[in-house]
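First up is the structure itself, then whatever we jot down about it.
The values are calculated or read from the model by the stated rules, or taken from the named source; none is laboratory data. As the structure is a computational prediction, the values presented were derived from the model and not from experiment. Here the Cβ is made from the backbone with ideal geometry for all residues, glycine too, and neighbour counts use every protein chain on show. Each accessible area value is taken on the protein alone, full model and side chains, heavy atoms only, with ligands, DNA and RNA left out. Shrake-Rupley method; radii C 1.70, N 1.55, O 1.52, S 1.80 Å.
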Amino acid sequence: MPRRRVVPRGPLAPFAAAAAFAIAFASATPATGAPVEYLPVRHPAYDEIETLAAQGLLDSLAVYTRPLARTDVAAALLRARRLRPEVERSLHYRRLERELARELTDLG
């Protein structure tokens, strides 16, 4: 069965494409309007992230996907600290906390 193409009609038709475009790209930047910053692919923080994940302390992050957004890593650290307060004693956690201090402050 061939697909039917839906074409918007009426006085608001010209705005339909603009609205679709805006919706599609609305999540490309965070609410602050600032561009997303990523950890460079070969950044030493990935070793810390992988170690914490292997210990089962970072479970809300796709650790083998690179590059990772700095805010995503910071959010995962906050979640790990909320669920398992003992994670703060980890040297790996403290190194990441120092690296992502700005993002952790921004996220609260």
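A compact table of results
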read-out: Looking only at segment 86-108, and only at residues there that are part of a helix (DSSP H, G or I) and closer than 11 Å to Leu57 by Cβ, the one that is most open to solvent (accessible area, probe 1.4 Å); value: Arg89
read-out: Identity of the residue in segment 46-63, surrounded by 18 or more Cβ atoms within 10 Å (Cβ to Cβ) and assigned to a helix (DSSP H, G or I), that ends up farthest from the chain's Cα centre (by Cα); value: Thr51
read-out: Pairs, first open to solvent by less than 100 Å² (accessible area, probe 1.4 Å) in segment 27-45, second at pLDDT 70 or above and charged (D, E, K, R), C-beta under 7 Å, six or more apart; value: Glu37/Arg70; Leu39/Arg70; Val41/Arg66; Ala45/Glu99
read-out: Flag if Arg66 is open to solvent by 50 Å² or more (accessible area, probe 1.4 Å) and assigned to a helix (DSSP H, G or I); value: no
